Amino acid sequence: MAVMTDHAIRKIVIVGGGTAGWMAAAAFSTLLDSRSVEIALVESDEIGTVGVGEATIPPLMAFNHMVGVGEDEFLAACQGSFKVGIEFVDWGAPGERYFHPFGPHGQNVRGVPFHQLYLREAKRRPLADIREWSMSGVAAELGRFTRPGPQTPMPLAQLSYAYHFDAGLYARFLRGQAEARGVQRIEGKVVDVAMDADTGNVAAVTLADGRSVEGELFMDCSGFRGLLIEQKLSTGYEDWSRWLPCDRAVAVQSALAGPPDPFTRSTARAAGWQWRIPLQHRMGNGLVYSSAHIASEEAEALLVANLESEPIAHPRHLSFTAGRRRLAWNGNVVAMGLSSGFIEPLESTSIHLVQSGIAKLLALFPDRRFNPVERDEYNRQMQDVFEDVRDFIILHYKATRRDDSDFWNYCRTMEVPDKLAAKLELWRSKGRIFRQGAELFGTESWVAVLLGQGIIPEENEPAADAMDAAVLSDLLERMRLSYRQTAERMPSHAEFIARHCAAPSA
Ligand SMILES: Cc1cc2nc3c(=O)[nH]c(=O)nc-3n(C[C@H](O)[C@H](O)[C@H](O)COP(=O)(O)OP(=O)(O)OC[C@H]3O[C@@H](n4cnc5c(N)ncnc54)[C@H](O)[C@@H]3O)c2cc1C
């Protein structure tokens, strides 16, 4: 029998059926008791979705697991491929490239972080790129992939991965899961929002055909427009464009010119950067740019000129302002996805921010009394997550030697948030980076970007000098070989997909 207190939430209304809305619906219908909570999702085919979120980071695996989605089944349904990291081209300076791998670099020795040993050795002799000490980095270089399991030995156990997929198909896939668990989908356009005069909370949304959808907890997953959180509640937006000046994107799909790489590529351009995301059946491409530095027609022409093969769809233009909604949870409305804020997709974090919002809401789930303590804690935690991601993205723009355009001159010389400035200072002296609190990106991610973009610390930390020089050299060489030999034994990424998760039409 369902256990229910007399003030438990009985009806959740999700406004919006993009990735955010259907992720929320799939999660709530799995993790809340369907005998006591009714869930409805309102979406409008006429309005449609953003539909360009195609690259993800490893925690999505845990989300899929949580909602009972099998990896191979999901990848086959979404034309998905594996992603072991991101290759950055021309970011530190034109002509340079580096790899941000998922998973660690090397292994720590007697408590000394691997990158400190690497820095020490690099002072003594010319050393290969740190990517050579990353399982994901070497696999990407060779176009290989295999799935590590719980019993997998080192160094393969260090291979960490996420996915590329068609975001529209992912939302459809989750919709199937959610509807099978009782979520009611309502097709219709929300034209008005009714408030409860006593509580000041949202009471219902009104659809164009006059229907009213009542609820107790409302999820605003309506995209950039923020139908409830902003248009009705005027919550306010914190604008971060002084640090993240890109405010437009143009996206286009093209044919695959060869087997799909198991990584995303991000290439810096004069006024932004271009993404390249290989799926099973096509390539996703886009240019993220600053409209103050390049016109949209020019951006589109630049994108199309830099495709590896013919476009297979019309380019789509999108506008945004980097930042976050001042309160992700306001009254009885919780904003998720684009309605809660947007940080450009340079490290593929938006879908993760949805996942993080869902997990935190489940951990702080309200009842009909809406205790402000839960709301305030949720808002504090979401603020931290957003700001941590923001700082990591700003790092990519700040840590550059590019001086070939106004855009890069602005980014290179801009003031950055205090926390990031302190991190950079700590790194510059002795290569120290610490993961603080629940930060999403760990030491290995910061090390990859900092070294990759040419920010070399003055010294390494003293503990790294303790090891005998010959022993260290030998150890590093053996580690490097073990990554390479392990990667060479893996199947190609294309073979792995064909064997395990090929889409029916691929
Ligand atoms: C250029 C770009 C690239 C991106 N790349 C990535 C990436 O690589 N990785 C990543 O993780 N994320 C990426 N994202 C973000 C990702 O696309 C979104 O975070 C994700 O798709 C969530 O979107 P959403 O569901 O919040 O909004 P949307 O997709 O906009 O969905 C909004 C929903 O609300 C509905 N709606 C709106 N108004 C009404 C109304 N009045 N009545 C009824 N329904 C309504 C719409 O019909 C739709 O169903 C990218 C975003 C952009 C802009």
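Under the definition of Cα pairs under 8 Å and six or more residues apart, what whole-number percent is the relative contact order of the chain? List each step's numbers first, then the result.
Numbers: 972 pairs, mean separation 115.9, N = 506.
Taking the mean separation of contacting Cα pairs over the length of the chain, I get 23 percent.
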Counting only protein heavy atoms and using a 1.4 Å probe, what share of the accessible area of the chain belongs to carbon plus sulfur, as a whole percent? 50 percent
Among bridges DSSP assigns within the chain, what percent are antiparallel (round to 5)? 70 percent
Cross-link partners of residue 423 among lysines (Cα-Cα below 30 Å; sequence separation of 8 or more within a chain): 83, 123, 360, 398
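Rounded to the nearest 20 debye, what is the charge dipole size of the chain about its Cα centre when +1 sits on each Lys and Arg Cβ and -1 on each Asp and Glu Cβ? Before the final figure, lay out the partial values.
Working: 52 positive and 64 negative charges, 169 e Å.
The dipole of the chain has a size of about 820 debye.
Evaluate Rg over Rh across region 347-506, taking Cα atoms for both radii and Kirkwood's formula for Rh.
On the way: Rg = 21.6 Å, Rh = 20.1 Å.
In region 347-506, Rg relative to Rh is 1.08.
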A convex hull over the alpha carbons of the chain yields, per residue, a volume in Å³ of 162 Å³
So the angle from the long Cα axis of helix 296-305 to the longest Cα principal axis of the chain, reported in degrees to the nearest 10, equals 50 degrees
Per its Cα gyration tensor (rounded if a/c is under 1.5, else prolate when a/b beats b/c, else oblate), region 301-436 is best filed as oblate
Residue 46 to residue 7: FRET efficiency via 1/(1 + (r/R0)^6), r the Cβ-Cβ distance, R0 41 Å, to the nearest 0.05? 0.65
Run the reach check for residue 189 against lysines, Cα to Cα strictly under 20 Å, same-chain hits fewer than 8 apart removed. What comes back? 11, 232
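Send over a whole-number figure in Å² for the accessible area per residue of the chain, probe 1.4 Å.
Numbers: 20470 Å² over 506 residues.
Using a 1.4 Å probe on heavy atoms only, each residue of the chain averages 40 Å².
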Based on the alpha-carbon gyration tensor of region 446-506 and its eigenvalue square roots a ≥ b ≥ c, which shape applies: rounded if a/c is under 1.5, prolate if not and a/b is larger than b/c, or oblate? oblate
Which net charge results for the neighbourhood of residue 108, defined as the other residues with beta-carbon distances under 15 angstrom from its beta-carbon, given Lys and Arg at +1 and Asp and Glu at -1? +1
Using alpha-carbon coordinates alone, the radius of gyration and Dmax of region 1-93 in Å work out to 17.7, 63
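Which order do you get for 267, 413 if you rank them by accessible area with a 1.4 Å probe, largest at the top? It would help to have the intermediate numbers written out before the result.
Working: 267 20, 413 90 Å².
Descending accessible area places them as 413, 267.
Need the full-extension length gain, residue 34 to residue 436, defined as separation in residues times 0.36 nm minus the C-alpha distance. One decimal, nm. Numbers along the way, then the final one.
Details: separation 402, 0.36 × 402 = 144.72 nm, distance 3.72 nm.
That works out to 141.0 nm of additional length.
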If the viscosity is 0.692 mPa s and the temperature 37 °C, what translational diffusion coefficient in µm²/s does Stokes-Einstein give for region 121-163 when Rh comes from Kirkwood over Cα pairs? 279 µm²/s
How would region 193-306 be classified by its alpha-carbon gyration tensor: rounded, prolate or oblate, with rounded meaning a/c under 1.5 and the a/b versus b/c comparison settling the rest? prolate
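Calculated from DSSP H runs of 4 or more alone, at -39500 (n - 2.57) each and per residue, what is the 222 nm mean residue ellipticity of the chain, nearest 500?
Details: 14 runs with 170 residues, N = 506.
-10500 deg cm²/dmol, from helical runs alone.
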Largest first and rounded to whole Å, the semi-axes √(5λ) derived from the alpha carbon gyration tensor of region 92-166 read 24, 19, 10
Lys/Arg Cβ at +1, Asp/Glu Cβ at -1, dipole of the chain taken about the Cα centre: which of 491, 472, 19 is farthest positive-ward? 472
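How much length is gained on full extension from residue 401 to residue 301, taking 0.36 nm per residue of separation minus their Cα-Cα distance?
Numbers: separation 100, 0.36 × 100 = 36.00 nm, distance 2.61 nm.
My answer for the length gained is 33.4 nm.
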Rounded to the nearest 0.05, FRET efficiency between residue 414 and residue 180 (Cβ-Cβ, R0 60 Å) equals 0.75
Averaging sequence separations of C-alpha pairs under 8 Å and six or more residues apart, then dividing by the length of region 273-421, give the relative contact order as a whole percent. 15 percent
How far is helix 443-452 tilted, in degrees, relative to the longest principal axis of the Cα atoms in the chain, given as a value from 0 to 90 rounded to the nearest 10? 60 degrees
Give the angle, between 0 and 90 degrees and rounded to the nearest 10, that separates the Cα long axis of helix 167-180 from the longest principal axis of the Cα atoms of the chain. 50 degrees
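The values are calculated or read from the model by the stated rules, or taken from the named source; none is laboratory data. These numbers come from a predicted model, not from an experiment. Backbone-built Cβ (ideal geometry, glycine too); neighbour counts: all protein chains shown. Ligands, DNA and RNA are excluded from the accessible area calculation, which covers all protein heavy atoms including side chains. Shrake-Rupley method; radii C 1.70, N 1.55, O 1.52, S 1.80 Å.
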